[in-house]
Amino acid sequence: MKVKKLSKELIYRIRAGEVIEDPSSVVKELIENSLDAGAKRIHIYLEDGGKRLIEVKDDGEGMDEEDLTLSVLPFTSSKIEKVEDLKKITTYGFRGEALFAISKVSRLLIKSSNNESFIGNEIYLEGGERIHLRPCYHPKGTTVTVKEIFYSVPARRKFLKSSSQELKKIVELVTKYALSNPEVEFFLKNERDIILDLKPSSSFKDRLAEIFGNDYLKELYEIEENKKNYSFTLFISKPEFLKESPVKIFFVNKRPFYDNSFIRAFNTIYSDKLRYPDVFLFLFLNPEEVDFNVHPQKLQVKFSSKLSFPHKIVEAVRRKLKDKVLDKNKVELITNIRGIIKQNELPRQLEFGEMAKEEIKSNLPVYEDIWQLENTYIIVKFEKGLLVIDQHNAHEKIIYEKILSKRKFKTNFIAFPIFLKLSPPEFSAYREVKDVFKDLGFEIRELKDGEIQIEGIPEFIKKFTKENFIELINEIKKERKIEPLNVYKEIACKSAIKMGDVLKKEEMTNILIELFSLEDPFFCPHGRPVMVQITKDELDKKFGR
Ligand code: ADP
Ligand code: MG
């Protein structure tokens with residue numbers, strides 16, 4: 001075999017394949033160009049998940065005829081000139097290959113104007129071949145239309161996913177750029193729907209709320225750090241909102257990047273080994289400290305080693321979290337209640353759910369200063385005042401943590417199995433979670449046509465009825481994607497004592513003991529508060545003392 005020099009054309013094709021891999025990589029390049037052109041509004045229109053058409057319109061600085069002609073040539077860029085420039089990139093683009101690569105694999109129309117006269121120019125190419133260049137009407141800014149991606153490379157077109165999958169990738173991508181550029185208006189629609197309609201916001205926080213909603217924002221802490229050679233704004237899930245499959249989105253100088261070592265580092269921030277926080281990191285540093293030129297699509301970056309990332313960042317976050325999570329009041333309360341438990345020599349004696357049994361032994365330890373209010377709340381007297389505990393949320397939390405810590409329990413067989421007939425949607429929900437049930441210790445037999453028989457239940461559940469099971473299945477049915485953690489939450493919820501259940505002092509004492517043996521007793525698995533304190537100081541204030 002003879003080593004031959006590859007033809008220019010072939011080299012271009014290979015490079016194009018690296019930059020442009022699917023519709024979302026086209027959208028990425030076009031959004032980056034619009035942002036580099038100083039756009040304040042970016043509107044994106046898609047057909048067929050971007051496979052038939054992608055149009056990105058901006059109000060940036062635009063191009064004149066000469067720039068327009070140059071923009072689609074290989075390795076032409078207005079952004080850098082010298083090798084040294086590569087060391088301090090302040091724009092998204094710098095390789096000058098995106099428009100050229102896109103033109104090679106699609107039908108590309110670019111309309112642009114750099115003035116307020118509404119007169120501009122358009123250039124049209126097919127498979128990289130220039131078809132026309134002529135004046136057109138266009139407001140200041142640029143509109144790029146990419147039709148039939150890979151029409152000229154059928155082999156690649158075959159690798160495209162379904163329209164809905166391609167659309168999903170694009171929505172995720174646009175969301176990222178919208179997050180790191182909150183001052184820019186983003187509008188995304190396809191043939192059917194308006195998918196994103198984001199008005200300019202003044203901060204990352206406002207943009208997060210705009211995209212994910214205010215309720216979600218309440219699940220996050222915001223942390224800021226300003227150091228001499230870097231700064232960041234970071235959002236991280238509060239400890240009561242950890243997830244099995246969390247979201248991690250990182251930006252450096254507004255550019256999204258992917259880095260496994262960052263993901264791993266943030267996953268160790270809380271001591272939970274099974275659930276992890278969502279993290280949004282907006283990192284800023286001197287462009288000379290980071291190399292953006294290490295990946296064909298610039299999805300990964302390389303930080304100068306003297307920054308010691310991610311370690312430095314995670315340490316800073318850990319320090320700041322300590323103040324937030326372990327708010328002084330909570331620590332004091334835990335110490336206080338644990339003190340009471342110890343002083344009164346109150347060892348835990350009941351098994352979970354045993355309180356529901358009729359024949360409760362009479363010689364159980366009991367804390368006298370505990371009462372039940374309206375068969376709903378447990379009132380506890382402690383050093384600083386009163387503690388009001390929601391009996392259902394508390395028990396739910398206790399069971400949930402118990403499930404999480406073991407995930408496998410002995411099965412208690414029931415003398416009279418529970419027989420159930422499930423509707424088709426209920427039955428299909430059941431089929432999806434039956435392995436999770438089985439792993440926990442449920443013993444369920446499938447009969448026929450959606451008929452099932454529950455023959456055994458895990459030992460931690462003492463009271464479980466037909467109604468509980470139906471409710472449980474219906475809760476699970478509502479979920480789009482079934483995750484074991486959510487199933488555990490529902491099981492904990494359905495097998496916990498309810499509002500309206502009458503509790504004896506022994507039972508309430510036991511809940512108190514169980515609850516305060518947990519690391520964080522303050523929130524139930526659904527994120528609702530488990531208790532409220534009313535201190536003597538607060539009462540004094542109310543009475544004007
Ligand atoms: P790069 O972004 O790496 O410079 P591109 O191929 O993406 O390379 O774009 C080539 C050039 O075309 C850019 O440097 C810029 O001058 C011009 N250009 C591309 N898109 C736009 C746009 N939306 N508005 C203004 N100029 C643009
Ligand atoms: Mg570019």
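Please treat every number below as a calculation from the coordinates, not as lab data. All values reported here derive from a predicted model rather than from experimental measurement. All Cβ positions, even for glycine, are placed from backbone atoms using ideal geometry, and neighbour counts span all protein chains on display.
Which FRET efficiency value, to the nearest 0.05, do you get for E65 and E126 by plugging their Cβ-Cβ distance into 1/(1 + (r/R0)^6) with R0 = 22 Å? The pair E65/E126 has a calculated efficiency of 0.65. Rg over Rh for segment 47-170 works out to 1.00, both radii taken from alpha-carbon positions and Rh defined as the Kirkwood radius.
Under a plain spin-label model, where a point goes 7 Å from the Cα along Cα-to-Cβ, how far apart in nm are S231 and F118? In this crude spin-label approximation the distance works out to 4.2 nm. For the cross-link pairs K111/K147; K205/K489; K408/K477; K406/K504; K8/K169, the ones whose C-alpha atoms lie over 26 Å apart are K205/K489; K406/K504; K8/K169. So which GluC sites (Glu not before Pro) in segment 358-435 pass both tests, a DSSP loop state and at most 11 other Cβ atoms within 10 Å of the Cβ? Loop-located and lightly packed - E358, E359, E368, E374.
I'd like the trypsin sites (Lys or Arg not before Pro) in segment 402-496 restricted to DSSP loop residues with at most 13 other Cβ atoms within 10 Å, sorted by number.
Qualifying residues, ordered by number: K408, K410, K448, K478, R480, K481.
Length available on full extension from L196 to H311: 0.36 nm per residue minus the Cα-Cα distance, which gives 37.9 nm. Separation of the alpha carbons by more than 20 angstrom is noted, of K238/K273; K238/K322; K57/K248, for K57/K248.
Stick to the Cα atoms of segment 429-475, pair each with every other, and give me the Kirkwood hydrodynamic radius in Å at one decimal.
For segment 429-475, inverting the mean 1/r across all distinct Cα pairs yields 11.2 Å.
Approximating the spin labels as points 7 Å out from Cα along Cα→Cβ, the R431-to-K40 distance works out to 5.6 nm. Annotation: extensible slack from V502 through E345 equals 54.1 nm (criterion: 0.36 nm per residue apart, minus Cα-Cα distance). Ellipsoid semi-axes for the chain, based on the Cα gyration tensor and the rule √(5λ), read 57, 29, 20 Å when sorted largest first.
Hey, quick one: spin label on E374, modelled 7 Å out along Cα-Cβ, who in segment 385-412 has an amide N within reach, i.e. under 13 Å? Answer for this model: 389-391. Sequence-distant contacts, meaning Cα pairs under 8 Å at least 6 residues apart, place the relative contact order of the chain at 11 percent.
Fewest-first ordering of F523, F262 by other beta carbons within 10 Å of each residue's beta carbon gives F523, F262. For segment 468-511, the convex hull spanned by the alpha carbon atoms encloses 77 Å³ per residue.
Amide H contacts under 5 Å for Y276: K243, E244, restricted to partners 5 or more places along the chain or on a different chain, H placed in the peptide plane at 1.01 Å from N.
Between L133 and S405, residue separation times 0.36 nm minus the direct Cα-Cα distance comes to 91.2 nm. Along its first, second and third principal axes, ordered by size, segment 374-415 spans 43, 25, 14 Å in Cα coordinates.
Note that segment 18-81 carries a Kirkwood radius of 12.9 Å, evaluated over its alpha carbons pair by pair.
Under a Cβ-Cβ cut-off of 13 Å, what is the net charge of the residues other than F303 that fall near it, where Lys and Arg count +1 and Asp and Glu count -1? Counting the neighbours of F303, the net charge comes to 0. Both the radius of gyration and Dmax for segment 176-313 are 15.8, 50 Å, in that order, over alpha-carbon atoms.
Directionally averaged projected area (segment 445-545, Cα convex hull): 10.3 nm².
Report the trypsin sites (Lys or Arg not before Pro) located in segment 124-201 that are in a DSSP loop and have at most 15 other Cβ atoms inside 10 Å of their Cβ, or state none. Passing both the DSSP loop test and the Cβ count: K158, K161, R192.
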